[in-house]
Amino acid sequence: MDLLNDFSPGLFVMQAIILLVLIFLLAKFAWKPIMQSLNEREKGIQDALDAAENARKEMQNLQADNDRLLQEARAERESMLKEAREIKEKMISDAKEQAQVEGDKMIAQAQAAIESEKKAAMAEIKSQVATLSVDIAEKVIKEELSSKDKQLKLVENMLGDIKLN
Amino acid sequence: MMKKNLGITSLLFALFVSVQSFAISDKEHATDHGGEVNTKEEVNEYIQHHLKDAHDFHLFSYTDSHGERKHIGFPLPVIVWSSNGLQTFMSSAFHHDDAGNVIVEKGGSRFVKIHEKIYELDKGATEVAFDEAHHPTNAHKVLDFSVTKGVFGMLLAGLLLVWAFASLAKQYKNKSVPTGFGRILEPLVLYVRDEIARPNIGEKKYQRFMPFLLTVFFFIWVLNLLGMTPLGFNVTGNIAVTFCLALFTFLIVQFSANKDYWKHIFWMPGVPVPMKIILMPIEILGMFTKPFSLMIRLFANITAGHFVVMSLIALMILLKSSFGAVGSTGISFVLTLFITVIELLVAFLQAFIFTMLSALFIGMAVAEHDHEHEHDAHGHEVSDVEDVRENFV
């Protein structure tokens, strides 16, 4: 094939003009708006993805916050329960102790009362015994001193005991 | 669905019948009618003729019942710059003559058409005289700005592109995702942007070259596809067209090139001085061989494709004597179908390669070299080009 002979300068010029016009027209009416919208759309998609990612992260944070709060609440409940238990035990032991003390005190009082009653009873008994003894002694003496001899003898004895100092 | 199938079947039947009747009528009019294609030489000439640009839009020819050869098609305007200034007339003035027999007189100039070239007869000459090599001796070529079949094809492709992509652009005004045909176009645009422009030119600079790359890609592809229709365009298989396309790439590369590019051509950094001197002419030659390879590759691939497809179709006629009308048609049909499918791929591939390599050359010209690694980077890029070339040539 005779390439150089086939080459048509006129066709070349027409092609150059057509291509130039075509590039210009398409650039103005097609490529520019198309590329722009594509870029915008891609940017929009990217933004949406970023926003979704952010929302996910935020969600995660919230979740973590919730978890933390729950944990804290649980711990607080735990501590409160523990405290309550402690208080309960303390109260019980306090009560026990107090009861013990009270009981001891009552026992002591009772013992003291018994002691004093005993003493009183003993004193009563003593005074009764004394009265009885005096009565008996009176009767005995009355019996003893019924004759003059006996009286004189006693005086004698007593005077003997005194012995002038 | 049934109706559609029925339609296709009847269409195929009609086609079959018409091929049969065509074959019969061929047999009946076996004598020379001029324009009928029956022998090897005629087939060869017909293919050669098709591969050239044409001044009228010829769809098909047939011989009517009176034994007269009829040509179906329409004429295209002829616009030539002759010695008497700009002349215009319709190509029908030549009456389908392509051998220089019909002389058209216009504005004081006499024109003849020989092998789809318009010649102007020298002053005083009344008919064309040929020398031994069948070159006219008393006529000269004129600058031919005619709306030839090729130009018509380009205008058609251009209109298609403007229509398709302007409507796609319009769609984006109302919605962010196109519907219908735009859904097919959008991925192609994205493909050119993301697979061709971005990786080869670089993220920062690719946008400036997108209009050129997109236009060239779709222009070549649509023209390649138009060439596969029965309309018989052979635009991208025309050396003037591919030359123009390659020239655009060449000019864009040279005018957008930065300082580094010129430095690498005239005074390659990082090599000893004798090497710099040896490399300079090689690099200068490289400036031109790159677009030259673009021009030849597209031209050769498309021309070869047309040649092969037409040759296979011609088998239908050439094998008729040995296989019968049905047999030769079957063989030709199967082979042509096979090659046509490959050609469909080639149509895309060549548009892709042209755009891809244009982007690569532009990318090399605008690349900002890191000065410490510039030599490596450059060497790597060059080997890339070679790889691509080897893969596709």
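Results, tabulated for the structure shown:
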quantity	calculated
Exposure proxy order (Cβ contacts within 10 Å, fewest to most) of B:267, B:221	B:267, B:221
Taking the stretch B:150-392 and dividing mean pair separation by its residue count, relative contact order in percent (alpha carbons under 8 Å, at least six apart)	26
Computed lengthening from residue B:255 to residue B:60, 0.36 nm per intervening residue step minus Cα-Cα distance	65.7 nm
Sum of side-chain charges, residue B:98 neighbourhood, beta-carbon under 9 Å (Lys, Arg +1; Asp, Glu -1)	-1
Between the stretch B:135-158 and the stretch A:109-159, the alpha-carbon center distance in angstrom	177
Nearest-0.05 FRET efficiency for residue B:46 and residue B:333, computed from C-beta distance (R0 25 Å)	0.85
Total formal charge among the other residues, if their Cβ is under 11 angstrom from that of residue B:81, Lys/Arg +1 and Asp/Glu -1	-1
Gyration tensor (alpha-carbon) shape descriptor, the protein assembly as shown, a/c threshold 1.5	prolate
Cβ-derived FRET efficiency at R0 60 Å, residue A:118 paired with residue A:51, nearest 0.05	0.05
Label-point gap, in nm, between residue A:106 and residue B:191 - each point 7 angstrom along Cα→Cβ	10.5
Segments B:83-95, B:171-183, B:295-307, A:78-90 sorted - mean Cβ within 10 Å per residue, highest first	B:295-307, B:83-95, B:171-183, A:78-90
The stretch B:79-115-the stretch A:35-58 distance, computed between alpha-carbon centres (Å)	63
Peptide B:186-195 - average C-beta neighbours from other chains (10 Å radius)	2
Cβ neighbours within 10 Å from other chains - mean over A:30-43	6
R0 of 60 Å, Cβ-Cβ distance residue A:91-residue A:129: FRET efficiency to nearest 0.05	0.60
Whether the stretch B:150-392 is rounded, prolate or oblate, judged on the alpha carbon gyration tensor where a/c under 1.5 counts as rounded	oblate
Protection proxy ranking, peptides A:141-154, B:248-261, average beta carbon neighbours within 10 Å, highest first	B:248-261, A:141-154
Inter-probe distance in nm under a simple model that places probes 7 Å from Cα toward Cβ, at residue B:140 and residue A:29	4.1
When each of B:70/B:149; B:52/B:290; A:28/B:204; B:52/B:170 is checked by Cα-Cα distance, pairs over 28 Å	B:52/B:170
Estimated inter-spin distance, residue B:276 and residue A:36, nm [label 7 Å along Cα→Cβ]	4.7
Full-stretch length increase - residue B:173, residue B:285 - with 0.36 nm per residue and alpha-carbon distance subtracted	35.6 nm
Partners for residue A:57 among lysines (Cα-Cα distance below 25 Å; same-chain residues under 8 apart left out)	A:43
Within the stretch B:105-144, trypsin sites (Lys or Arg not before Pro) in DSSP loop having at most 13 other beta-carbon neighbours inside 10 Å	B:123
Per-residue mean of C-beta atoms belonging to partner chains within 10 Å, peptide B:169-176	4
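Every number here is computed from the coordinates shown, using simple stated rules; none is lab data. No experiment lies behind these values; they were computed from the predicted model shown. Reconstructed Cβ throughout: ideal geometry from the backbone, glycine too, with neighbour counts over all protein chains shown.
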